[in-house]
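A.B. asks: Dropping a structure here in structure tokens format, bear with me for questions.
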Amino acid sequence: MDKRPAVFLDRDGCVNVEDSYIRDLAQLRLYPDSLNSIKKLNAAGLLVVIITNQSGVARGYMTEDLVRRAHDLLLGWARESGARIDGIYYCPHHPEGSQAPYAIHCQCRKPAPGMLRQAAEELGIDLAASFVVGDKISDIALGPAVGARAALVRTGFGVAQLEKIESESLPMPDHVADGIGGAVEWILSFGGAGG
Ligand SMILES: [Mg+2]
Ligand SMILES: [Zn+2]
């Protein structure tokens, strides 16, 4: 089977509104253009995968079950609107967490590329032809780590992270967009899965 390109979307501050830790499902609110943007990626033949650090589990702010229920909710909203999310991967760990099983150094907490590699294996993804979108330096660092292109969005922590990139002369993302809609327009300019 031929490997396919994917778009790896960060969750908080990219697909849904950044609201510190999502400890209650009522906090989960999508940006207005999130589902339409996902539909455009679907139509272009790109896989859509959400990858999210949820260290609040390791910190004892919420349970892993709450994270899973949040993802069921996201998948349900997508399905109802005709958008397709091909996978959601999360990292519940943090090395300084308070909840023993989760308080570890792992391979999945971004900027480590573990979730991308797992998704690539399970879903048949060509990482070098793929894209990463997120509001943090730990998101866009995944691009160079796996040979993908990366866009920073100004939603969530994006504006503050961009200032940090500039003031500390950190590596710039391949693109900066106002939000997920602009990032997807940039991605589609490469021609989609056939491009
Ligand atoms: Mg984020
Ligand atoms: Zn992890």
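A.B. asks: Could you please let me know if G87 is modelled with pLDDT under 95 and of a type outside the set (V, I, T)?
C.D. replies: no
A.B. asks: Exactly one of (1) over 13 Å from the mean Cα position of the chain (by Cα); (2) within 16 Å of ligand 2 (Cβ to nearest atom); (3) not polar (S, T, N, Q) is unmet by R4. Its number?
C.D. replies: The one condition R4 does not meet is (2).
A.B. asks: How many residues, within the range 120-173, are outside any helix (DSSP H, G or I) and more than 16 Å from ligand 1 (Cβ to nearest atom)?
C.D. replies: Residues that pass the stated criteria total 12.
A.B. asks: Still on this model: What's the total number of residues in the range 17-37 that are under 18 Å from D139 (Cα atoms) and either more than 16 Å from ligand 1 (Cβ to nearest atom) or buried (at least 24 other Cβ atoms within 10 Å of the Cβ) (or both)?
C.D. replies: Qualifying residue count, the range 17-37: 1.
A.B. asks: If I filter the range 137-195 down to residues being over 26 Å from R29 (Cα atoms) and hydroxyl-bearing (S, T, Y), which single residue comes out as surrounded by the most Cβ atoms within 10 Å (Cβ to Cβ)?
C.D. replies: Among those that are over 26 Å from R29 (Cα atoms) and hydroxyl-bearing (S, T, Y), it is S189.
A.B. asks: When only residues in the range 69-102 that are farther than 18 Å from A148 by Cα and within 11 Å of ligand 2 (Cβ to nearest atom) count, which is surrounded by the most Cβ atoms within 10 Å (Cβ to Cβ)?
C.D. replies: The residue in question is P92.
A.B. asks: Being buried (at least 20 other Cβ atoms within 10 Å of the Cβ) and either of a type in the set (K, R) or more than 26 Å from L30 (Cα to Cα) (or both) is the filter; apply it to the range 103-119 and report the residue that is farthest from ligand 1 (Cβ to nearest atom).
C.D. replies: Only one residue fits best here, namely R109.
The values are calculated or read from the model by the stated rules, or taken from the named source; none is laboratory data. The shown structure was predicted, so the numbers you read here are calculated from the model rather than taken from an experiment. Glycine also receives a Cβ, built like all others from the backbone with ideal geometry; neighbour counts cover every protein chain displayed.
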